[in-house]
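For reference, the structure is listed below as structure tokens.
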Amino acid sequence: MIRIALIALILLQSEGVRPRYASEKSGRDKVYVETKMGIKIEGSEQIANFVRSMHPFLSMEKLLIRAEGGAQVVSKNRRKVDYDEARVELRYDDEDHELDFQKGQPAEDDKNKLRQMMWFLAAAGKNYTLSPEGEFRSDDANQDHNGEAMELISNGITRMPDKEVKEGETYEKTWKGQRSEKGKQAKFDFKQKVTVEKIEEKDGKKVATLAGELTGKLDGGKDPAAEEGWTKCEGKTKLVLEVETGRILATEGKGAVTAYFKNTAENGAKQEIKLNFGVDGKMTVK
């Protein structure tokens with residue numbers, strides 16, 4: 001019996017697979033989602049306070065979201081993740097907060113501005129397009145290049161191989177990002193190195209685990225006021241995918257987007273600022 005199992009395992013590992021995300025409408029999987037975010041600003045107190053004043057989001061030091069809900073393909077390449085309930089813990093403007101949300105709760109009727117922001121950022125779920133090959137685009141029309149990179153990492157988005165791959169093999173994919181800062185043209189140049197970590201049988205179906213390393217650098221639109229300036233991203237991801245159906249069984253990702261700016265003030269003083277947007281996310285089918 002053991003010998004037969006070993007032979008079956010060897011045969012499975014020697015078989016190539018060509019994983020693809022599901023593209024057609026599917027049923028709703030029950031999922032558990034956990035997302036952590038953190039913002040760290042390094043620089044003089046004056047510059048750091050100025051940066052924080054640019055957007056309420058930049059006053060959020062850390063955020064933890066725990067949610068249960070559903071994930072499904074609602075139409076061709078269109079996906080939706082919605083939460084039946086969510087709990088949010090955050091540190092905002094040097095104060096700690098805990099918020100609970102239930103499905104259907106109308107955020108627009110709530111006068112608490114922080115609660116409104118958390119509803120749309122954390123509790124309302126997300127809608128996005130994901131092609132079989134792994135091309136991702138959020139429905140958020142206001143998303144910039146930083147948000148795009150953070151979502152690729154936290155959602156464990158993985159570009160698929162051009163041909164069949166076997167367990168232990170590695171492949172690379174490069175592409176130009178779709179998002180840029182409002183009024184600007186710079187977009188990320190992304191590269192992802194993916195290793196086929198495991199191919200196995202679960203409940204009679206073939207399952208592939210793909211481990212990725214994502215890197216990116218913002219290209220174009222250099223700030224003329226900067227003596228030195230750059231924006232980079234780096235993260236590690238993991239995707240567990242049912243090969244025959246393209247159904248996502250689990251995702252995870254951890255990494256950061258970092259932006260740096262340096263110049264000389266009119267009085268000759270050196271000014272520099274570094275922003276680090278850390279993100280850590282996972283989703284599992286229950």
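The values are calculated or read from the model by the stated rules, or taken from the named source; none is laboratory data. Being a predicted model, the structure only gives us computed values, none of them experimental. Neighbour counts run over all protein chains shown; Cβ positions are idealised from the backbone, glycine included.
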Handout entry: Criterion (at pLDDT 95 or above, closer than 20 Å to residue 284 by Cα and part of a loop (DSSP other than H, G, I, E, B)) met by exactly one of 134, 168
Key = 134
Problem - Near pairs, Cβ below 6 angstrom, 6+ apart or cross-chain, from the range 12-38 (modelled with pLDDT under 95) to any residue that is acidic (Asp, Glu) - result: 13/167; 16/164
Problem - Tally of residues being at pLDDT below 95, closer than 28 Å to residue 192 by Cβ and in a loop (DSSP other than H, G, I, E, B) across the range 227-277 - result: 0
Fill in the blank from the handout: Taking the range 104-131 and the residues there that are in a loop (DSSP other than H, G, I, E, B) and not small (Gly, Ala, Ser), the one that is modelled with the highest pLDDT would be 112
Exercise for the section: Pull up the range 27-60, narrow it to residues that are in contact with a helix residue (DSSP H, G or I) (Cβ under 8 Å, 6 or more places away or on another chain) and part of a helix (DSSP H, G or I), then point me to the one that is surrounded by the fewest Cβ atoms within 10 Å (Cβ to Cβ). Expected result: 56
Exercise for the section: For residue 96, state whether it is within 16 Å of residue 37 (Cα to Cα) and either modelled with pLDDT of 90 or more or surrounded by fewer than 16 Cβ atoms within 10 Å (Cβ to Cβ) (or both). Expected result: yes
Practice task
Can you run down the residue pairs with Cβ atoms below 8 Å, 6 or more apart or on separate chains, where the first is in the range 263-280 and surrounded by fewer than 10 Cβ atoms within 10 Å (Cβ to Cβ) and the partner is polar (S, T, N, Q)?
Solution key: 265/271
Exercise for the section: Search the range 124-151 for residues that are under 19 Å from residue 243 (Cα atoms) and pair each with any residue that is in a loop (DSSP other than H, G, I, E, B) and of a type in the set (D, E, K, R) when their beta-carbon atoms are under 6 Å apart and the residues are at least 6 apart or on different chains. Expected result: 132/20; 134/159
Problem - Residue list for the range 73-84, restricted to those being more than 17 Å from the chain's Cα centre (by Cα), farther than 16 Å from residue 34 by Cβ and assigned to a strand (DSSP E or B) - result: 73, 74, 75
